[in-house]
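Data block below; observations after.
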Amino acid sequence: MNIIKVNNYEEMSKKAAEIVLEKLNKIEKPVLGLATGSTPEGLYKLMCEANKAGDISFQDVTTFNLDEYVGLPEENEQSYHYFMDEHLLNHIDIPKQQAYIPNGLAEDLEAECARYDAAIEAAGKIDLQLLGLGVNGHVGFNEPGTPVTSRTHIVELDDITREVNARFFEDEAEVPTKAITMGIATILEADHVLFLVHGEKKAEILRKVINGEVTEDIPASALQLHPNVTVITDIEL
Ligand code: GLP
């Protein structure tokens with residue numbers, strides 16, 4: 001893994017934006033994998049600004065989000081659809097039909113997983129996949145125990161994940177128990193993975209992800225198997 005050590009959140013976001021914009025400008029019809037969470041918010045803000053300034057166009061960009069809660073309508077402020085609209089999609093010139101997010105309200109969730117995988121396959125490959133890290137080592141919503149061969153699937157959220165994400169909801173009981181997530185195999189097939197990890201609370205898990213053994217117990221450790229991962233972090237390793 002190529003590790004870029006930065007001093008703080010702002011520097012992480014700036015460096016990430018540089019890499020994203022360079023990649024998008026280099027490829028004719030780029031496919032970008034998107035993540036949610038507080039980590040990429042600064043990066044998304046810079047991407048919106050770059051689009052506004054005319055430094056980048058998203059007209060030919062296709063995006064695939066990593067995950068979505070099961071059971072939250074798009075209008076729910078905690079849904080990842082809502083998050084993406086607020087932080088990125090509503091502020092850039094991407095045609096909305098090119099921005100894919102799993103549908104957590106699909107009647108047939110298994111069919112939705114298959115549809116999502118088929119859409120990614122039809123787009124070719126993901127040129128650049130953005131990733132954050134959960135404190136339990138998850139990427140997307142691939143919780144501990146997820147095999148590296150996994151494709152888009154439905155997950156039962158970990159108690160830790162629900163606890164951590166409860167900060168965005170009125171109370172923990174409102175946090176969905178299930179989610180739909182892109183699998184680890186798909187993430188590993190991306191051409192380049194841009195892995196953003198910020199803050200001391202992620203230090204212990206990040207060290208295990210980078211220096212520990214590759215294990216299903218820490219899903220992000222599978223990134224060690226990928227030949228082109230860039231980690232940008234303000235954590236001292
Ligand atoms: C969420 C998302 C992940 C995200 C992670 C970290 O549960 N499913 O894709 O990377 O948690 O979130 P944060 O960036 O807010 O720490």
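The values are calculated or read from the model by the stated rules, or taken from the named source; none is laboratory data. Predicted model only: the values in this text are computed from it and were never measured. A quick note on method: Cβ atoms are made from the backbone with ideal geometry, for glycine too, and the neighbour counts reach across all protein chains shown. Accessible surface is based on the protein model in full, side chains and every heavy atom, while ligands, DNA and RNA are left aside. Shrake-Rupley method; radii C 1.70, N 1.55, O 1.52, S 1.80 Å.
Side notes on the structure shown:
- Listed by chain and number, the aspartates and glutamates whose C-alpha is less than 15 Å from the C-alpha of Lys23, apart from same-chain residues fewer than 8 away, are Asp55, Asp60, Asp127, Asp191.
- For the chain, the share of DSSP beta bridges that are antiparallel, to the nearest 5, is 30%.
- All aspartates and glutamates inside 13 Å of Lys201 as judged from Cα atoms, apart from same-chain residues fewer than 8 positions distant: Asp234, Glu236
- Sparse packing (at most 10 other Cβ atoms within 10 Å of the Cβ) combined with a DSSP loop state is found for the following GluC sites (Glu not before Pro) in segment 161-237: Glu170, Glu213, Glu236.
- Cα gyration tensor category, rounded, prolate or oblate, for the chain with a/c compared to 1.5: rounded
- Rounded percent of accessible protein surface that carbon and sulfur make up, the chain, 1.4 Å probe: 46
- Short-range pairs are left out: with C-alpha atoms under 8 Å and at least six residues apart, the relative contact order of segment 79-237 is 25 percent.
- Note on the chain: helix-only mean residue ellipticity at 222 nm, from DSSP H runs of 4+ residues weighted -39500 (n - 2.57) and normalised by residue number, equals -9500 deg cm²/dmol.
- Table column - 3J(HN,Hα) (Hz), segment 162-179, Karplus curve with 6.51, -1.76, 1.60, x for Gly and Pro: 5, 4, 5, 7, 4, 4, 8, 9, 5, 8, 4, 4, 7, 5, x, 9, 10, 8
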